[in-house]
Amino acid sequence: MKGRCKAGVDGSFNCVDVRDLAITSIDCVAKGRKGEGYILGNELISMVRLFQLVSEASGTPLVETIIPLEAMIEGAVQSVPESEKEKVRGSMRFGMYNLVRNNNFDSSKAVRDLGYHTRPVSETIHDLVAWLKEIGKIQ
């Protein structure tokens, strides 16, 4: 949000507001069934959409250059010694896997059993930017 990010990576993730997670964690204790687990997901959001939301909320320039994951990995390993390249590639592939896997989660059980609901990602990003400004982390 300081405007230094000139390029982003492709992919998506499932973004849940921590406030919604906190409320539902308490609801799990009060309403959850013993021995049951609950998936607490929200909407699937692309990195491109995240960049748009951050730009809109903060006024920083939009990250428009999107680099494919493999190109990002290969670019990153260029600066490491030859003996470390495969280790770095493997580590980055593992990290990047989270951006390309199926991040569309089914929270219907939590909705049904706990009354789980989430706020839109756009609201989360807007509130996050406002909070970061309030505490002086960004201008």
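Answer yes or no: is there a residue in the stretch 111-118 that is of a type in the set (Phe, Trp, Tyr), open to solvent by less than 60 Å² (accessible area, probe 1.4 Å) and within 30 Å of Ala30 (Cβ to Cβ). Yes, the stretch 111-118 has at least one match.
The one condition from (1) at pLDDT 80 or above; (2) of a type in the set (S, T, N, Q); (3) under 30 Å from Ser55 (Cα atoms); (4) loosely packed, with under 13 Cβ neighbours inside 10 Å that Asn98 does not meet is (1). Scanning the stretch 21-63 for residues that are under 20 Å from Val9 (Cα atoms), out of contact with any strand residue (DSSP E or B) (no Cβ under 9 Å at 6 or more places or on another chain) and charged (D, E, K, R) returns a single hit, Glu56.
Are any residues in the stretch 41-55 over 9 Å from Val121 (Cβ atoms), in contact with a helix residue (DSSP H, G or I) (Cβ under 8 Å, 6 or more places away or on another chain) and crowded, with 18+ Cβ neighbours inside 10 Å, and if so, which ones? Answer for the stretch 41-55, where residues must be over 9 Å from Val121 (Cβ atoms), in contact with a helix residue (DSSP H, G or I) (Cβ under 8 Å, 6 or more places away or on another chain) and crowded, with 18+ Cβ neighbours inside 10 Å: just Val54.
For Thr124, are the conditions met, namely being more than 17 Å from the chain's Cα centre (by Cα) and modelled with pLDDT of 90 or more? Talk me through it step by step, then tell me what you get.
Working: more than 17 Å from the chain's Cα centre (by Cα): no; modelled with pLDDT of 90 or more: yes.
Considered against the rule, which asks whether it is more than 17 Å from the chain's Cα centre (by Cα) and modelled with pLDDT of 90 or more, Thr124 comes out as no.
Here Arg89 clears all of (1) in a helix (DSSP H, G or I); (2) over 30 Å from Lys34 (Cα atoms); (3) open to solvent by 50 Å² or more (accessible area, probe 1.4 Å) except the condition numbered (3).
Annotation note: Cβ proximity below 8 Å between a residue of the stretch 85-107 that is in contact (Cβ under 8 Å) with a residue 40 or more places away in the chain and a residue that is open to solvent by 40 Å² or more (accessible area, probe 1.4 Å) and part of a helix (DSSP H, G or I) (sequence gap 6+ or interchain) occurs for Met96/Met72.
Take the residues in the stretch 56-86 that are among the small types (Gly, Ala, Ser) and either touching a Leu at 6+ places or on another chain (Cβ under 9 Å) or part of a helix (DSSP H, G or I) (or both); name whichever of them is surrounded by the fewest Cβ atoms within 10 Å (Cβ to Cβ). Don't jump to the end; show me each part of the working.
Residues of the stretch 56-86 among the small types (Gly, Ala, Ser): 57-59, 71, 75-76, 79, 83.
Among the residues that remain, those that are also either touching a Leu at 6+ places or on another chain (Cβ under 9 Å) or part of a helix (DSSP H, G or I) (or both) are: 57-58, 71, 75-76, 83.
Working: Ala57: 20, Ser58: 20, Ala71: 12, Gly75: 11, Ala76: 14, Ser83: 7.
Once the filter is applied, the top-ranked residue is Ser83.
Take the residues of the stretch 1-48 that are touching a residue at least 40 places away in the same chain (Cβ under 8 Å) and in a helix (DSSP H, G or I): which is farthest from Met96 (Cα to Cα)? Looking at the filtered set, the residue picked out is Lys31.
Pairs needed: first member in the stretch 119-133, of a type in the set (Val, Ile, Thr); second member anywhere, open to solvent by 60 Å² or more (accessible area, probe 1.4 Å); C-beta distance under 7 Å; at least 6 residues apart or different chains. Pairs found: Val121/Glu43; Val129/Met1.
The number of residues in the stretch 63-92 being over 24 Å from Glu43 (Cα atoms) and either within 17 Å of the chain's Cα centre (by Cα) or among the hydrophobic types (A, V, I, L, M, F, W, C) (or both) comes to 8.
The values are calculated or read from the model by the stated rules, or taken from the named source; none is laboratory data. Predicted, not measured: the structure shown is a model, and the values here were computed from it. So basically every Cβ, Gly included, is an ideal-geometry build from the backbone, and we count neighbours across all protein chains shown. What goes into the accessible areas is simple: the full protein's heavy atoms, side chains included, and nothing from ligands, DNA or RNA. Shrake-Rupley method; radii C 1.70, N 1.55, O 1.52, S 1.80 Å.
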